[in-house]
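Trainee: So that we are looking at the same thing, I have put the structure below in structure tokens.
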Amino acid sequence: MPTRIGDSSALNLKPRGADAGDVMVRPVSCPICGKELPPESADPASAKWFPFCSERCRNVDLLRWSEGRYAIEEPLTPERLSEELERDEGHP
């Protein structure tokens, strides 16, 4: 019987990652300098500065937060504004 186009059984093809040993892991990189981190650094117990590559990058991130370069934004709806005002009225 002739092999049809698209018939992978004739070629004995396996999908990528089908074997138990084939694990695809996306590399983790430092969010400050972009340096690729070794796979074992993704385990917080074994990585002193995770997700950063060094104390320096960790401190750069902290400085950026303290200067207000990063912000967590969410829309302020009229309902949310009234809730915030009511909450603040109870505090001196």
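Trainee: The conditions are (1) open to solvent by 60 Å² or more (accessible area, probe 1.4 Å); (2) at pLDDT 65 or above, and SER9 fails exactly one of them. Which is it?
Mentor: (2)
Trainee: For PRO51, are the conditions met, namely being at pLDDT below 85 and within 28 Å of VAL25 (Cβ to Cβ)?
Mentor: Values: at pLDDT below 85: no; within 28 Å of VAL25 (Cβ to Cβ): yes.
The answer is no for PRO51.
Trainee: Related question: Output yes when any residue across region 15-30 is in a loop (DSSP other than H, G, I, E, B), surrounded by 10 or more Cβ atoms within 10 Å (Cβ to Cβ) and either among the basic types (Lys, Arg) or at pLDDT 85 or above (or both), and no when none is.
Mentor: Of all residues in region 15-30, those in a loop (DSSP other than H, G, I, E, B) come to 15-28, 30.
Keeping just the survivors that are surrounded by 10 or more Cβ atoms within 10 Å (Cβ to Cβ) gives 17, 22, 28, 30.
From what is left, the residues that are either among the basic types (Lys, Arg) or at pLDDT 85 or above (or both) are 28, 30.
Yes, the conditions are met somewhere in region 15-30.
Trainee: Here is a follow-up. Would you mind finding the one in LEU85, LEU76, LEU81 that is open to solvent by 100 Å² or more (accessible area, probe 1.4 Å) and either at positive phi or out of contact with any Phe, Trp or Tyr (no Cβ under 6 Å at 6 or more places or on another chain) (or both)? Break it down into steps so the answer makes sense when it comes.
Mentor: Details: LEU85 fails: open to solvent by 100 Å² or more (accessible area, probe 1.4 Å); LEU81 fails: open to solvent by 100 Å² or more (accessible area, probe 1.4 Å).
The unique qualifying residue is LEU76.
Trainee: Only residues that are part of a loop (DSSP other than H, G, I, E, B) and open to solvent by 70 Å² or more (accessible area, probe 1.4 Å): list them for region 44-70, please.
Mentor: First, the residues of region 44-70 that are part of a loop (DSSP other than H, G, I, E, B): 44-54, 67-70.
Passing the criteria: PRO44, ALA45, SER46, LYS48, PHE50, GLU67, ARG69, TYR70.
The values are calculated or read from the model by the stated rules, or taken from the named source; none is laboratory data. Keep in mind it's a predicted model, so treat the numbers as computed, not measured. Note that we place each Cβ from the backbone using ideal geometry, even for glycine, and neighbour counts take in every protein chain shown. For accessibility, only protein heavy atoms count, side chains too; no ligands or nucleic acids. Shrake-Rupley method; radii C 1.70, N 1.55, O 1.52, S 1.80 Å.
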